[in-house]
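**Student:** This is the structure I have questions about; it appears just below.
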Amino acid sequence: QVQLVESGGGLVHPGGSLRLSCAASGSIHALNVMGWYRQAPGKQRELVAQISSRSGTNYADSVKGRFTISKNNAGSMMFLQMDGLKAEDTAVYYCKAGDGMFDFWGQGTQVTVSS
């Protein structure tokens, strides 16, 4: 089992920045992929960014050049640096991790971009 806890969400003006964190605990040694997803009101949950030892990093087209995903060497922390935020980035952001058999999700953190 893996437990994921997100933090760092909040209210920010357009053009501003936020840094999301995801703390992972439990059987993190088995994880081979971690990522950030988001879900806006009335929309489906979508992939924002993903990081894995096999394929490196990949980003949704809508956030390329503005968001950066990273994690520490131990794999216990994952981050999402979000710059140049837009109103359309408003959503609940979720941390997800997988070990090839199971997917684990955090509870989500709200990001609101508004003037």
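**Student:** Select, from Glu46, Glu6, the only residue that is more than 11 Å from Phe104 (Cα to Cα), out of contact with any Cys (no Cβ under 9 Å at 6 or more places or on another chain) and of a type in the set (Asp, Glu).
**Tutor:** The conditions single out Glu46.
**Student:** May I pose another question? Exactly one condition in (1) aliphatic (A, V, I, L, M); (2) touching a strand residue (DSSP E or B) at 6+ places or on another chain (Cβ under 8 Å); (3) surrounded by fewer than 17 Cβ atoms within 10 Å (Cβ to Cβ) is not met by Val113; state its number.
**Tutor:** (3)
**Student:** Another question, then. Could you figure out which of (1) surrounded by 18 or more Cβ atoms within 10 Å (Cβ to Cβ); (2) modelled with pLDDT of 95 or more isn't true of Ala87?
**Tutor:** (1)
**Student:** If Leu80 satisfies every condition in (1) surrounded by 17 or more Cβ atoms within 10 Å (Cβ to Cβ); (2) touching a Pro at 6+ places or on another chain (Cβ under 7 Å) but one, which is the exception?
**Tutor:** (2)
**Student:** Restricting the search to region 86-115, which residues are assigned to a loop (DSSP other than H, G, I, E, B) and either among the acidic types (Asp, Glu) or touching a His at 6+ places or on another chain (Cβ under 8 Å) (or both)?
**Tutor:** Of everything in region 86-115, those that are assigned to a loop (DSSP other than H, G, I, E, B) and either among the acidic types (Asp, Glu) or touching a His at 6+ places or on another chain (Cβ under 8 Å) (or both) turn out to be Asp99, Ser114, Ser115.
**Student:** For region 73-92, how many residues are touching a strand residue (DSSP E or B) at 6+ places or on another chain (Cβ under 8 Å) and within 21 Å of Gln1 (Cα to Cα)?
**Tutor:** 5
**Student:** For a quick check of your reading of the model, give me the residue pairs whose first member lies in region 32-46 and is of a type outside the set (S, T, N, Q) and at pLDDT 95 or above, whose second is part of a loop (DSSP other than H, G, I, E, B) and open to solvent by less than 80 Å² (accessible area, probe 1.4 Å), with beta-carbon atoms closer than 7 Å and at least 6 apart or on different chains.
**Tutor:** Final answer for the pair search is Ala40/Thr90; Glu46/Ala60.
**Student:** Given the structure, is Ser52 more than 12 Å from the chain's Cα centre (by Cα) and modelled with pLDDT of 95 or more?
**Tutor:** It is false that Ser52 is more than 12 Å from the chain's Cα centre (by Cα) and modelled with pLDDT of 95 or more.
**Student:** Also, I was wondering about something else. Determine which member of the set Val63, Val48 is surrounded by 14 or more Cβ atoms within 10 Å (Cβ to Cβ), under 14 Å from Ala97 (Cα atoms) and either out of contact with any strand residue (DSSP E or B) (no Cβ under 9 Å at 6 or more places or on another chain) or β-branched (Val, Ile, Thr) (or both).
**Tutor:** It is Val48.
**Student:** Quick one: is Gly75 within 12 Å of the chain's Cα centre (by Cα) and on the phi > 0 side of the Ramachandran plot?
**Tutor:** Criteria not met by Gly75.
The values are calculated or read from the model by the stated rules, or taken from the named source; none is laboratory data. Bear in mind that the values here come from a model prediction, so they are computed numbers and not experimental data. For neighbour counting, all protein chains shown are included, and Cβ atoms are generated from backbone atoms with ideal geometry for every residue, glycine included. For accessibility, only protein heavy atoms count, side chains too; no ligands or nucleic acids. Shrake-Rupley method; radii C 1.70, N 1.55, O 1.52, S 1.80 Å.
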